[in-house]
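This report refers to the structure that appears directly beneath it.
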Amino acid sequence: MDPQYNPQAIESKWQKRWEAGHLFDAEPEPTPDSARKEYYVLEMLPYPSGDIHMGHVRNYTLGDALARYKWMQGYNVLHPIGWDAFGLPAENAAIKHQRHPSEFTFSFIDRMRGQLKRLGLSYDWRREIATCVPEYYRWNQWFFLRMYERGLAYRKKSRVNWCPLCETVLANEQVVNGCCWRHEDTAVIERELEQWFLKITAYAERLLEDMKELRGGWPERVLAMQENWIGKSKGTLVDFEIGQLGEPVRVFTTRVDTIYGCTAVLLAPGHSLVGKLIAKSPHAGSLREKVERIKVSSAALSARAGDEANPEKIGAFTGFTARNPYSGESVPVWLANFVLMEYGTGAVMAVPAHDQRDYEFCKQYGLPIPQVIAPLDGSAADLAQGAFSEYGRLMNSGPYTGLTSEDAQARMTGEAEAKGFGKGTTQYRLRDWGVSRQRYWGTPIPIIYCSKCGVVPVPESNLPVVLPMNARFTGRGASPLAEMEDFVNVACPKCDGAARRETDTMDTFVDSSWYFYRYTDPKISTAPVSQAAVKYWFPVDQYIGGIEHAILHLIYMRFFTKVMQDINLVDFSEPVARLFTQGMVIKDGAKMSKSKGNVVDPTQMCARYGADTVRLYMLFAAPPERDLEWSDAGIEGAARFLNRVYRVATKHAGVLSAVRTRVPEGNTESGIVNREPTPEERRLLLKVHRTLRHVSEDMEERWHYNTDIAMLMDLVNEIGDLDPAIEAGEIQASCLKMSMEVLVLMLSIFAPHIADELWESLGHGEPALKTPWPKFNAALAQEDELEIPIQINGKLRGRIRVARDAGEDEVMRMAQAEEKAAQYLSGKAVIKTVYVPQKLVSFVVK
Ligand code: ANZ
Ligand code: ZN
Ligand code: ZN
């Protein structure tokens, strides 16, 4: 065995062996060995951008540790990977270099596959998929047709961002300061285009309702974001008559109890009544101008949608008044930039005393601010400071005065329904999913337009509608597809007359809405998924990815699953049992990015330190849910640790390889014969079992790999310090060997190559993955343990369990990694630490 740790040689040796031995191939389903339970570990599939980055490494290393652990626990593990291969960047590169997007895509896939393989990740590569091949995307088209049949895919005119120079639609992300991202001084204009939509709103209630299945398994934060995005609110629709128009304007309010305090009705500038108001107005010209002005500021507002900044409120009086059906009072009708066309009815009743936005608006334009809700506790609301927006008791509200807000809402909605000027309603913020993209590199939408028959879906037997490969990329025009006569012109499937194909392609989020089903039987050609395979593997036991996908992708995939349930493809409603969102990898305090010049390239790091060091560092440097600040010293430290493990393990390997233990059967007996354990042996055993307990429990619950690795480091130090005891005959070889073996098996889920090398040096023929995960002895693990409280700035913030004789370094390291303490310490400067042995750890931070 090489006395020097040589990661490059070791890693390529083991990667070859793993591949030759099909080590990570999931058993086909149903597994021949029926006692074996299945486990599905999934990481979000990468976009083939050219090179993997540290964020990928972190994501995949987290999943890899789990997959290896599950294999060792005896599961049949599915751990697949694929490519989210359609999309704009490849198309833009194609335009720039006048080459085909598929060339870029496939060469990037090849390169990135090599980089992933270099990391030694435990993927079942037989199941690799790429979403840009017809064998895959034909099923996007198939899903589209199924949805079309059920009225879940439909076409409507909608507003889009259009660059007049590019002559194409821009995504919201491509609009920079109101201009085209490629033509920085060309203002984006709004256009109305026919677009295809998927009716996700039909599933709003189920998307909310089924969240109860996810509670506990998904981060609360993600569920809260989804709940917000779906945005269910119960309220009332109320009609305000506009006398001069002979037609009411309908508002949506969640606070009908405040209606006696309404001082204006506000319309979005795009509201359907606005045209009629202009037509009836004696000052049509000036009103039209006002509408245009407010439209501009409201467009700027919706371009920024999602950012919670408090935009300037701009409005204009229309010259019309509307009648409050409860009080009979007339209030002015205004246009307002902050009223969204897409929500509720696009019209609002302004109640300045009880809604902060209305308050700001009415203050600015000098409208009155009458109070109609009093705080329940009898105190006075300070309306000089802003709106009082809580529930309370009604005042100045005619017959409803004195009621609580809840009671009043119920009764007032009742009155509206009885008299026919309104009704109770439920609104959702969720909008239907616009999937049309005027782009080439995506799935063609399987629709044909015939002048006689209208919209005709492509018959299923004609799928796939293949993306033609001979497109030209000029960067101008709606889409290269629209210019390809032999693609566009087609016989109508119904009447055989001349017809034209849809030339838009689908949003790439469609591709990623069901890809994880395809892995279970990636080559099936008769259906998108094999029901038997899905039945066996689903739900995904653990999904791991970035928090940035909390809303779009993670809602779309839930939506797709519900549609699949409705067409009897699957018999469940939620595809993912547990979700984990990892933090970002940052450097110098910022997310790594080419433009900031703070990128650390994983491939270079592998060449310099080896994959095991990179992986270990990714897991050690921070708890996985937090952001990880890259540090050169940190990765050096990880490299030093693996060198030390290698030295300590190889020192005795020759002697130990002949000794037998029961670890290969999952049994961690000490193996000490003919005498009681010596104090040195006892110490070692306690340490081994304590570490094993920590790692095992952590794998089940929290994944604080950083603390696991810290404990492995201590165990290695302990073993490294045993030489004198070994020479003095105070440690029996079988006890030492058992300890080494358990150490190597634990290490194998984090740094698998070096672990297999050491496992082999200990006399084992099979990779560590084939060995059962060792079981800790609970009694030994807790013997001689102490609980030590952790104080931060004098307050109790957590507790750790440590060995009675643990050294200060070890205790401090554990204390810093302790979950709650780590939260309080994160981002703060520690100015003082105190350790009172066996009693207390204390930090003073700023
Ligand atoms: C009067 C009122 C008084 C309101 C009050 C609130 C408090 P959520 O809870 O998010 O559903 N609203 C309705 N449609 C709107 C639109 N298209 N653009 C902007 N704002 C709109 O919000 C519902 C509330 O948001 C509604 O209730 C309405 O203001 C406003 F003390 O009506 B409320
Ligand atoms: Zn442009
Ligand atoms: Zn026809």
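Of all residues in the stretch 719-745, those that are charged (D, E, K, R) and surrounded by fewer than 21 Cβ atoms within 10 Å (Cβ to Cβ) total 4.
The residue that is nearest to ligand 1 (Cβ to nearest atom), among those in the stretch 491-508 that are at pLDDT below 95 and over 19 Å from E460 (Cα atoms), is D507. Among the residues of the stretch 604-625, those that are at pLDDT below 95 and either in contact with a strand residue (DSSP E or B) (Cβ under 6 Å, 6 or more places away or on another chain) or among the hydroxyl-bearing types (S, T, Y) (or both) comprise A621, A622, P624. A count restricted to the stretch 757-774 and to residues that are within 20 Å of Q4 (Cα to Cα), assigned to a helix (DSSP H, G or I) and in contact (Cβ under 8 Å) with a residue 40 or more places away in the chain stands at 3. Going by the conditions given, is T668 more than 42 Å from the chain's Cα centre (by Cα), closer than 19 Å to P774 by Cβ and buried (at least 22 other Cβ atoms within 10 Å of the Cβ)? Taking the combined requirement at face value, the residue does not satisfy it. For the stretch 385-400, the criterion of being surrounded by fewer than 14 Cβ atoms within 10 Å (Cβ to Cβ), modelled with pLDDT of 95 or more and either within 30 Å of N161 (Cα to Cα) or more than 16 Å from ligand 1 (Cβ to nearest atom) (or both) is satisfied by at least one residue. Restricting the stretch 191-205 to residues that are more than 18 Å from A153 (Cα to Cα) and surrounded by 13 or more Cβ atoms within 10 Å (Cβ to Cβ) leaves a set whose member that is farthest from ligand 1 (Cβ to nearest atom) is R191.
Is it the case that some residue within the stretch 144-160 is modelled with pLDDT under 85, surrounded by 14 or more Cβ atoms within 10 Å (Cβ to Cβ) and within 16 Å of ligand 2 (Cβ to nearest atom)? Looking through the stretch 144-160, at least one residue is modelled with pLDDT under 85, surrounded by 14 or more Cβ atoms within 10 Å (Cβ to Cβ) and within 16 Å of ligand 2 (Cβ to nearest atom).
Does K234 fit the bill of being within 43 Å of the chain's Cα centre (by Cα) and either of a type in the set (K, R) or within 16 Å of ligand 2 (Cβ to nearest atom) (or both)? It is true that K234 is within 43 Å of the chain's Cα centre (by Cα) and either of a type in the set (K, R) or within 16 Å of ligand 2 (Cβ to nearest atom) (or both). Could you please find all residues in the stretch 414-456 being in a strand (DSSP E or B), within 25 Å of E192 (Cβ to Cβ) and within 16 Å of ligand 1 (Cβ to nearest atom)? Result: Q427, single match. Residues in the stretch 325-371 that are assigned to a strand (DSSP E or B) and near ligand 1 (Cβ under 8 Å from one of its atoms): A347, V348, M349, A350. All conditions in (1) surrounded by fewer than 17 Cβ atoms within 10 Å (Cβ to Cβ); (2) touching a residue at least 40 places away in the same chain (Cβ under 8 Å) hold for P269, with the sole exception of (1). Selection of first residues in the stretch 324-353 that are more than 17 Å from A416 (Cβ to Cβ) and modelled with pLDDT of 95 or more and of second residues that are of a type in the set (K, R) and assigned to a strand (DSSP E or B), restricted to Cβ pairs under 6 Å at least 6 apart or on distinct chains, gives the following pairs, ordered by first then second residue: S330/R323. Listed by position, the helices (runs of 4 or more DSSP H) inside the stretch 201-295 whose residues that are under 30 Å from H549 (Cα atoms) number at least 3 are 204-209, 211-214, 220-230.
Within the stretch 724-742, the residues that satisfy the criterion of being assigned to a helix (DSSP H, G or I) and touching a residue at least 60 places away in the same chain (Cβ under 8 Å) are I726, A733, S734, C735, L736, K737, M738, M740, E741, V742. State the number of residues belonging to the stretch 161-176 that are out of contact with any strand residue (DSSP E or B) (no Cβ under 8 Å at 6 or more places or on another chain) and within 13 Å of ligand 2 (Cβ to nearest atom). Adding up the residues that qualify gives 2. Taken over the stretch 671-703, residues that are out of contact with any Phe, Trp or Tyr (no Cβ under 8 Å at 6 or more places or on another chain), surrounded by fewer than 22 Cβ atoms within 10 Å (Cβ to Cβ) and hydroxyl-bearing (S, T, Y) amount to 1. Evaluation of K313 against the conditions (1) under 26 Å from Y428 (Cα atoms); (2) basic (K, R); (3) surrounded by fewer than 18 Cβ atoms within 10 Å (Cβ to Cβ) shows that the sole unmet condition is (3).
Residue-wise test of (1) among the aromatic types (F, W, Y); (2) touching a residue at least 40 places away in the same chain (Cβ under 8 Å); (3) assigned to a helix (DSSP H, G or I).
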{"site": "S595", "(1), (2), (3)": "no, no, yes"}
{"site": "V600", "(1), (2), (3)": "no, yes, no"}
{"site": "T603", "(1), (2), (3)": "no, yes, yes"}
{"site": "C606", "(1), (2), (3)": "no, yes, yes"}
{"site": "T613", "(1), (2), (3)": "no, yes, yes"}
{"site": "Y617", "(1), (2), (3)": "yes, no, yes"}
{"site": "P623", "(1), (2), (3)": "no, yes, no"}
{"site": "R626", "(1), (2), (3)": "no, yes, no"}
{"site": "A633", "(1), (2), (3)": "no, no, yes"}
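Of the strands (runs of 3 or more DSSP E) lying entirely inside the stretch 466-582, those carrying at least 3 residues that are in contact (Cβ under 8 Å) with a residue 12 or more places away in the chain and surrounded by 19 or more Cβ atoms within 10 Å (Cβ to Cβ) are 542-546, 579-582.
The values are calculated or read from the model by the stated rules, or taken from the named source; none is laboratory data. Here the structure is a predicted model, which is why all the values come from computation and not from measurement. All Cβ positions, even for glycine, are placed from backbone atoms using ideal geometry, and neighbour counts span all protein chains on display.
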